[in-house]
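Enquirer: Just passing along the structure, written as structure tokens.
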Amino acid sequence: MVVRAPEIAKKIKPGQFIMLRIDEQGERIPLTMNDCDPEAGTITIIFQAVGATTIRLAQMKAGDALQDFAGPLGNPTELEGAKRACVIGGGLGTAIAFPQAKWLYDHGCEVDVITGFRNKDLVLLEDEIDRHSTRQIIMTDDGSNGNKGLVTQALQQRIDEGADYDLVLAVGPVIMMKFVAATTKPYGIKTYVSMNPLMIDGTGMCGGCRVKVGDEYLHACVDGPDFDGHLVDFDDAMRRGVMYRSFEPRRAKDARAARMRATSGRGPSMARTNYEVNRQKTRVPMPELDPVERAQTFDEVALGYSEEEAVAEARRCIQCPNAPCVGGCPVGVPIPQFIAQVAEGNFARAYAIVKSANSLPAICGRVCPQETQCEGVCTRGKNGEPVSIGRLERFTSDWAFEHPEEAAAAMEEFACEGEGLVEQTAGDDAAASIDLSGKRVAVVGSGPASLTCAGELAKLGCDVTVFEALHKVGGVLTYGIPEFRLPKDLVQREVSKLGDKGVSFEVNALVGKLYDIDELMEDRGFDAVFVGTGAGLPSYLGIEGEGLNGVSVASELLTRVNLMKAYLFPEYETPVYAGKKCVVVGGGNVAMDAARTAKRLGADVTVVYRRGRDEMPARAEEVHHAEQEGIHFQLLTNPTRILGDENGWASGVECVRMELGEPDASGRRRPTAVEGSEFVIDIDMLVVAAGSKTNPLIAKTTPGLEVTPRSLIVADERTGATSKPGVFAGGDAVIGAATVILAMGAGKRAAAGIAEYLVPKA
């Protein structure tokens, strides 16, 4: 199949791959480039119609369009300097191996190409390989073409004949590559194998493509797809390769659980009243779906306040003059002012005030850790429960969505008044007066830091383009946080508002591969770049058994479900595995999200965490919701190894009891193992939610950009400026995995810093 993709065709090199998606319901699948024509702007891919996606792909006709086509991904094969090489292709792997063979041959290398197929009807690219190789040897299982036997037999024969290879490259079934590597190892021949396993994103985030190389797990899409064949754990790769095989025959309507929907009615509009403080010490409770009901559906758990409930809660605010809540908000929302408007029934006005400082209020009202920020310092919390600031923020945004004309009029009126509330934390009080018309800024990534930065710059008249590696905008808001906590249509609603302001979006654009930072500035004419790529590379436990089937990282589970809507399988083609007895390792919000997701997929879920309840970093509300939904907790417990059955599937996790000692660097008491307390939990699924780290791609491809040993970008805390002129950064890419609102605060400060850079003071 030939696909027109001019930008990718300019950049892609032998060994790299693309990710494609046929339509909205389709899977993201990786396919390695077979050939490309940069002048024509086309890429050739070869595939076998064996699964749902490839069968549909084979049915497409000339002129049809793919929903998504992203690349180039992975690293090019290291071919420079080879003088005598052997390129080995097994079955469909021949199409992947051909570009490497062609490149070597065209650059003066003596190239033997050995290919293996079941029979003559499956032979690929015979004529093309003849034209671009020194010698072609075809092996078939039945001898119907070429020689009967295995590719390793032909390789051994050539070595015995004196072929002095300085490079062997093998692409094909894992078992074939295993024995190719075993054949070359006694001779010390440098051997690359191409590992292109199951993946969802192609950026390392999902962790599905992890490959054990030596003593560590690497990611095929970030560190590969080519690896030293003498170091790859092929047995581990083969076990993992069957994890989702059983889902293909299960693509039937009865494979998806019936979705249960709940609605919440809204009462009539409240008449505006005088503000009388509600002295009630407890919060007005927010309606929620019943725990039993919601554990079977991905519908949003919290239903939101009615107008009457919002007014009653807002009237609990005593409007204290020092307003500690504002200082506790990373983006400086004028909290007393907007709450006063809610208390008086002026909902449109309240929304305009919130929106002046927070570009994503509907999101923040749902997922921000208000209990440790604005609500954590609320004066009412000293003698009762704090005001439900987050719930009220959510209410204003949801109300504005239902009353768009009133909200728009209020925002226009508020903007004309110029009340000066916007710049409380932006870093420069004069930033709002700067006109950035004619200036162009590229924003890399589309998570909360990036969206906030883009929105603030758009307010100043700047021409902003956001580059997103995946096919949906929103970053962690889209792929990470579950639907039952943050509905995805709401995220896209907030994104569309940025589009209305003139912000442009380019999806399937992985900066560092399709473009690098220098190209954005020098070739595409951007005056500045903001990097908000987050911390999406998963961490692992480093214990025995992590390569077993049934072991996943939380980011893979959540990406399959949130981005690819695997909970609607087979209506959406991406499958997801949650097992029947699932253990989630971790105590943060991601662990709660993974546990509650697995529960909704039908698993009996236990959370294992090495510290106690008081030390859990997850929001108390999320832990509470998890307990309500029937999720079990094994606290002060640490996994030591994962046990497997004879088929390579996880069957148990060995744990040890812990006790808390003296505080460590985080300020939390350090857990230590209790001798002789080992025990086993029976499982068929284990999800690792042990944190994440920064993808090193931007650091590796941006000369002059200072990074820490953890690949975090070094940036000025006030302005976001990096060591590279014109390049700014903020959010998790700078500080590591944190919260949505902290990332937004960084994006807001960086926007002010960019404004200072683009229009320096006289």
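Enquirer: Return the only residue of Ile29, Ile88, Ile96 being buried (at least 16 other Cβ atoms within 10 Å of the Cβ), β-branched (Val, Ile, Thr) and over 29 Å from Tyr165 (Cα atoms).
Expert: On the way: Ile88 fails: over 29 Å from Tyr165 (Cα atoms); Ile96 fails: over 29 Å from Tyr165 (Cα atoms).
Unique residue meeting the criteria: Ile29.
Enquirer: For the range 151-177, which positions are surrounded by 19 or more Cβ atoms within 10 Å (Cβ to Cβ) and among the β-branched types (Val, Ile, Thr)?
Expert: Start the filter on the range 151-177 by keeping residues that are surrounded by 19 or more Cβ atoms within 10 Å (Cβ to Cβ), which leaves 151-152, 154-155, 165, 167-172, 174, 176-177.
Hits for the range 151-177 are Val151, Thr152, Val168, Val171, Val174.
Quick grid of which residues meet (1) hydrophobic (A, V, I, L, M, F, W, C); (2) touching a Phe, Trp or Tyr at 6+ places or on another chain (Cβ under 8 Å); (3) surrounded by fewer than 21 Cβ atoms within 10 Å (Cβ to Cβ); (4) free of Cβ contacts under 8 Å to residues at least 12 places away in the same chain:
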position	(1), (2), (3), (4)
Asp463	no, no, yes, no
Val466	yes, yes, no, no
Ile481	yes, no, no, no
Ser496	no, no, yes, yes
Lys501	no, no, yes, no
Val507	yes, no, yes, no
Lys513	no, no, no, no
Leu520	yes, yes, no, no
Val553	yes, yes, no, no
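Enquirer: On to the next question. Check whether at least one residue in the range 731-747 is more than 21 Å from the chain's Cα centre (by Cα), assigned to a loop (DSSP other than H, G, I, E, B), surrounded by fewer than 24 Cβ atoms within 10 Å (Cβ to Cβ) and not polar (S, T, N, Q), and report yes or no.
Expert: Pass one, the range 731-747, residues more than 21 Å from the chain's Cα centre (by Cα): none.
Checked against the condition, which is being more than 21 Å from the chain's Cα centre (by Cα), assigned to a loop (DSSP other than H, G, I, E, B), surrounded by fewer than 24 Cβ atoms within 10 Å (Cβ to Cβ) and not polar (S, T, N, Q), the range 731-747 yields no hits at all.
Enquirer: Has the range 309-330 got at least one residue that is within 30 Å of Leu568 (Cα to Cα) and not in a loop (DSSP other than H, G, I, E, B)? Let's see the steps before the verdict.
Expert: Here is the first cut: in the range 309-330, the residues within 30 Å of Leu568 (Cα to Cα) are none.
Checked against the condition, which is being within 30 Å of Leu568 (Cα to Cα) and not in a loop (DSSP other than H, G, I, E, B), the range 309-330 yields no hits at all.
Enquirer: When residues of the range 701-734 are filtered for being among the charged types (D, E, K, R) and either within 29 Å of Asn638 (Cα to Cα) or at pLDDT below 90 (or both), how many remain?
Expert: Start the filter on the range 701-734 by keeping residues that are among the charged types (D, E, K, R), which leaves 706, 710, 716-718, 724, 732.
Okay, now just the ones that are also either within 29 Å of Asn638 (Cα to Cα) or at pLDDT below 90 (or both), so 710, 732.
Counting residues in the range 701-734 that are among the charged types (D, E, K, R) and either within 29 Å of Asn638 (Cα to Cα) or at pLDDT below 90 (or both) gives 2.
Enquirer: Would you be able to tell me the number of residues in the range 628-666 that are out of contact with any Lys or Arg (no Cβ under 8 Å at 6 or more places or on another chain) and under 15 Å from Arg613 (Cα atoms)?
Expert: 4
Here's the yes/no breakdown for (1) hydrophobic (A, V, I, L, M, F, W, C); (2) over 27 Å from Gly390 (Cα atoms); (3) touching a Cys at 6+ places or on another chain (Cβ under 7 Å); (4) not in a helix (DSSP H, G or I):
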site: Arg611; (1), (2), (3), (4): no, yes, no, yes
site: Glu622; (1), (2), (3), (4): no, no, no, no
site: His625; (1), (2), (3), (4): no, no, no, no
site: Asn638; (1), (2), (3), (4): no, yes, yes, yes
site: Ile642; (1), (2), (3), (4): yes, yes, no, yes
site: Val653; (1), (2), (3), (4): yes, yes, no, yes
site: Ser677; (1), (2), (3), (4): no, yes, no, yes
site: Ala699; (1), (2), (3), (4): yes, yes, no, no
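Enquirer: Same structure, new question: Give the range 197-212 a look and list any residue that's surrounded by fewer than 21 Cβ atoms within 10 Å (Cβ to Cβ) and out of contact with any Cys (no Cβ under 7 Å at 6 or more places or on another chain), or say none.
Expert: From the range 197-212, those surrounded by fewer than 21 Cβ atoms within 10 Å (Cβ to Cβ) are 197-198, 212; that's our starting set.
Hit for the range 197-212 is Lys212, nothing else.
Enquirer: Sticking with this structure for a sec: Which of the following residues is assigned by TED's automatic domain parsing to the domain that holds Asp684, outside any helix (DSSP H, G or I) and at pLDDT 90 or above: Tyr572, Tyr567? Steps first, please.
Expert: Values: Tyr567 fails: outside any helix (DSSP H, G or I).
When all the criteria are applied, what remains is Tyr572.
Enquirer: Could you run through the range 281-292 and say how many residues are surrounded by 13 or more Cβ atoms within 10 Å (Cβ to Cβ) and either assigned to a helix (DSSP H, G or I) or on the phi > 0 side of the Ramachandran plot (or both)?
Expert: Selection size over the range 281-292: 1.
Enquirer: Can you tell me which residue among Ala566, Ala626, Ala618 is in contact with a strand residue (DSSP E or B) (Cβ under 8 Å, 6 or more places away or on another chain), buried (at least 20 other Cβ atoms within 10 Å of the Cβ) and not basic (Lys, Arg)? Spell out how you get there, then give the answer.
Expert: Values: Ala566 fails: in contact with a strand residue (DSSP E or B) (Cβ under 8 Å, 6 or more places away or on another chain); Ala618 fails: in contact with a strand residue (DSSP E or B) (Cβ under 8 Å, 6 or more places away or on another chain).
Unique residue meeting the criteria: Ala626.
Enquirer: Would you point out the residue of the range 22-35, among those that are in contact with a Ser or Thr (Cβ under 8 Å, 6 or more places away or on another chain) and in contact (Cβ under 8 Å) with a residue 60 or more places away in the chain, that is nearest to Asp201 (Cα to Cα)? Quick ask: steps written out before the conclusion?
Expert: At the first step, the residues of the range 22-35 found to be in contact with a Ser or Thr (Cβ under 8 Å, 6 or more places away or on another chain) are 22, 26-29, 32-35.
With in contact (Cβ under 8 Å) with a residue 60 or more places away in the chain added as a condition, the list becomes 26-28, 32-35.
Details: Gly26: 13, Glu27: 10, Arg28: 7, Thr32: 15, Met33: 17, Asn34: 20, Asp35: 22 Å.
My answer is Arg28.
Enquirer: Looking at Gly525, Gly534, Gly512, which one is at pLDDT below 90 and closer than 30 Å to Arg440 by Cα?
Expert: Details: Gly525 fails: at pLDDT below 90; Gly512 fails: at pLDDT below 90.
Result of the check over Gly525, Gly534, Gly512: Gly534.
Enquirer: Given Lys148, Lys120, Lys185, which one is charged (D, E, K, R) and either crowded, with 16+ Cβ neighbours inside 10 Å or touching a residue at least 40 places away in the same chain (Cβ under 8 Å) (or both)?
Expert: On the way: Lys148 fails: either crowded, with 16+ Cβ neighbours inside 10 Å or touching a residue at least 40 places away in the same chain (Cβ under 8 Å) (or both); Lys120 fails: either crowded, with 16+ Cβ neighbours inside 10 Å or touching a residue at least 40 places away in the same chain (Cβ under 8 Å) (or both).
Unique residue meeting the criteria: Lys185.
Enquirer: On the basis of being free of Cβ contacts under 8 Å to residues at least 24 places away in the same chain and within 27 Å of the chain's Cα centre (by Cα), does Ala49 make the cut? Write out each step before concluding.
Expert: Working: free of Cβ contacts under 8 Å to residues at least 24 places away in the same chain: yes; within 27 Å of the chain's Cα centre (by Cα): no.
Taking the combined requirement at face value, the residue does not satisfy it.
Enquirer: Further, regarding this structure: Condition first: in a loop (DSSP other than H, G, I, E, B), at pLDDT 90 or above and surrounded by fewer than 24 Cβ atoms within 10 Å (Cβ to Cβ). Now tell me which residues in the range 347-384 satisfy that.
Expert: The initial filter retains those residues of the range 347-384 that are in a loop (DSSP other than H, G, I, E, B), namely 358-360, 368-369, 373-374, 378, 384.
Narrowing the set further to residues that are at pLDDT 90 or above leaves 373-374, 378, 384.
Within the range 347-384, Gln373, Gly384 meet the criteria.
Enquirer: Check Glu456 against each of (1) part of a helix (DSSP H, G or I); (2) over 21 Å from Ala528 (Cβ atoms) and name the one condition it does not meet.
Expert: With respect to (1) part of a helix (DSSP H, G or I); (2) over 21 Å from Ala528 (Cβ atoms), Glu456 is out only on (2).
Enquirer: Before we move on, is Thr115 more than 26 Å from His219 (Cα to Cα) and either surrounded by fewer than 16 Cβ atoms within 10 Å (Cβ to Cβ) or at pLDDT 90 or above (or both)?
Expert: On the way: more than 26 Å from His219 (Cα to Cα): yes; either surrounded by fewer than 16 Cβ atoms within 10 Å (Cβ to Cβ) or at pLDDT 90 or above (or both): yes.
Answer is yes for this residue.
Enquirer: Then there's this: Just the residues that are among the hydrophobic types (A, V, I, L, M, F, W, C) and either more than 23 Å from Tyr567 (Cβ to Cβ) or not in a loop (DSSP other than H, G, I, E, B) (or both), please, taken from the range 293-308.
Expert: Ala302
Enquirer: Return the only residue of Val441, Val387 being surrounded by 24 or more Cβ atoms within 10 Å (Cβ to Cβ), touching a strand residue (DSSP E or B) at 6+ places or on another chain (Cβ under 8 Å) and at pLDDT 95 or above. Explain how you work it out, then say what you get.
Expert: Values: Val387 fails: touching a strand residue (DSSP E or B) at 6+ places or on another chain (Cβ under 8 Å).
Testing whether each residue is surrounded by 24 or more Cβ atoms within 10 Å (Cβ to Cβ), touching a strand residue (DSSP E or B) at 6+ places or on another chain (Cβ under 8 Å) and at pLDDT 95 or above leaves just Val441.
The values are calculated or read from the model by the stated rules, or taken from the named source; none is laboratory data. All values derive from a computational prediction rather than experimental measurement. Note that we place each Cβ from the backbone using ideal geometry, even for glycine, and neighbour counts take in every protein chain shown.
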